[in-house]
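Since the structure comes first, as structure tokens, the remarks are kept for the end.
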Amino acid sequence: MLSDKIKTMYGGILCAAALLLCLTACGAPAETARTRQRAQSVPEGGAEDAAAPAGTCSWEEIGEPTRVPLSYAEQFTMDRYEQGYVLLTVADRDRFLVVPEGGQTPEGLDEDIVVIRQPADHIYLVASAAMDMFRALDALSAVRLAGMEADAWCMEEVRAAMEAGDILYAGKYSAPDYELILSEGCGLAVENLMIDHSPEVKEKLESFGIPVLVDYSSYESHPLGRVEWVKLYGVLLGREAEAEAAFAKQEQILAAIGQDMAGTAREDVGSVNDSGATVAFFYITTNGAVNVRKSSDYVPKMIGLAGGKYIFDDLGDEESHSSSITMQMEEFYAAAGDADYIIYNSTIDGELESVDELIGKCGLLEDFRAVRQGNVYCTTKNLYQESMSIGVMIDDIHRMLTGEGGMRYLYRLSN
């Protein structure tokens with residue numbers, strides 16, 4: 001057994017070592033991030049090569065920009081230069097120059113342009129909707145840190161990666177674990193729009209030299225505009241071909257629905273109403289009120305693209321970016337009591353199994369036309385996290401309206 005003197009000495013050594021580690025992590029954070037970004041563009045070689053900067057070049061050397069056409073997305077643009085550089089502009093505000101692997105950093109960049117070296121790596125991913133895009137690109141390995149814990153993810157691959165320690169929980173958007181983020185050499189933080197409520201976090205990350213990209217996909221007016229953000233992440237990760245293929249898959253599903261409804265071309269999809277059936281989409285809050293989607297939200301638009309008609313024609317202020325409105329049950333009944341179909345949003349309080357379970361939340365639902373006719377459906381809990389399946393979600397609604405079955409994100413409640 002150690003003597004008290006030895007124990008005291010040993011404890012002092014451990015405390016000193018811990019303090020030294022903390023000071024090392026916090027004392028030179030910006031260099032950690034910059035070193036990580038530089039290393040991504042350097043091939044395997046000696047330590048001298050790995051530590052060397054990428055060098056510089058002039059704007060004239062990288063050629064003239066060409067605007068990359070996007071089909072639906074309006075919240076970002078991509079300008080491609082001849083030498084493989086891409087300038088990303090997000091929400092007409094934030095600009096990022098993506099430097100190709102092995103490329104040099106152009107001189108004379110505007111102060112607001114943030115440089116990100118391709119492929120981005122050791123990412124702190126807070127925008128949960130983007131995780132499915134990384135999965136679709138087979139690039140989960142680029143995510144090292146996440147803003148949600150393992151049990152909060154519906155995607156098995158993400159849960160497994162976190163349980164294996166391949167992805168670490170680094171705190172939510174408002175309370176990140178800065179020490180962990182720095183010690184892991186984070187090269188990019190992808191935040192959701194909630195970061196606007198904690199601007200000091202964004203400023204702190206940037207002060208460490210970590211680029212912060214805010215995902216505005218939820219502001220897209222067209223449902224497939226959200227999916228098209230996979231192209232932005234494809235550029236960051238050097239997986240543009242994979243991104244084009246993943247987007248095209250969802251676009252083809254939407255085109256097939258349009259052809260099934262009216263034989264229209266893609267640009268006319270959504271201009272016709274196949275069945276004319278009305279649909280209500282909602283969930284009941286803990287205090288008995290009803291939360292419904294604004295008419296301008298992407299869920300009502302998915303219903304329209306599927307061939308249905310959202311029960312609320314003009315609900316909510318289009319200028320507001322809030323996606324939903326809460327109303328009393330009596331008001332909801334007056335508007336949606338005669339809806340042909342009702343879809344219960346299970347992502348808040350869990351999936352339902354039966355109509356009786358739904359009626360148990362509010363007895364007035366028993367008088368709804370859709371309940372009497374057995375047209376009551378529920379969403380699966382992974383509806384929102386699997387953002388790369390919006391085309392499939394639209395197809396599910398179309399199948400509900402046409403009675404085809406075989407749905408992935410919707411299921412009929414048993415009587």
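Please treat every number below as a calculation from the coordinates, not as lab data. This one's a predicted model, so the numbers in the text were calculated from it and none came from an experiment. Glycine gets a Cβ as well: all are built from the backbone with ideal geometry, and neighbour counts include every protein chain shown.
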Note: probe point = Cα of Thr326 + 7 Å toward Cβ; backbone nitrogen < 19 Å; residues of region 358-390 passing the test are 361-363
Pairs over 32 Å Cα to Cα, from Lys231/Lys309; Lys172/Lys301; Lys172/Lys309; Lys202/Lys249; Lys309/Lys361; Lys204/Lys301, come to Lys172/Lys309; Lys202/Lys249; Lys204/Lys301
Quick note, region 294-415: a/c under 1.5 would make it rounded; otherwise a/b > b/c is prolate and the rest oblate (a ≥ b ≥ c, C-alpha gyration tensor); here it is rounded
Taking every other residue with Cβ under 15 Å from the Cβ of Leu352 and scoring Lys and Arg +1, Asp and Glu -1, one gets -3
In the neighbourhood of Asp151 defined by beta carbon distances under 13 Å, the net charge of the other residues (Lys, Arg +1; Asp, Glu -1) is -1
Packing-ranked peptide list from 128-134, 150-156, highest mean Cβ count within 10 angstrom first, is 128-134, 150-156
If R0 = 35 Å, then Arg93 and Glu244, at their Cβ-Cβ distance, give a FRET efficiency to the nearest 0.05 of 0.85
Scalar couplings 3J(HN,Hα) for region 349-359 by Karplus 6.51 cos²θ - 1.76 cosθ + 1.60 (θ = phi - 60°), nearest whole Hz, x for Gly and Pro, are 10, x, 6, 9, 10, 9, 5, 4, 5, 5, 4
Taking 0.36 nm per residue of separation between Asp356 and Tyr72 and subtracting their Cα-Cα distance, the length gained on full extension comes to 98.2 nm
Among region 328-347, those whose backbone N falls under 16 Å of a label point 7 Å along Cα→Cβ from Glu366 are none
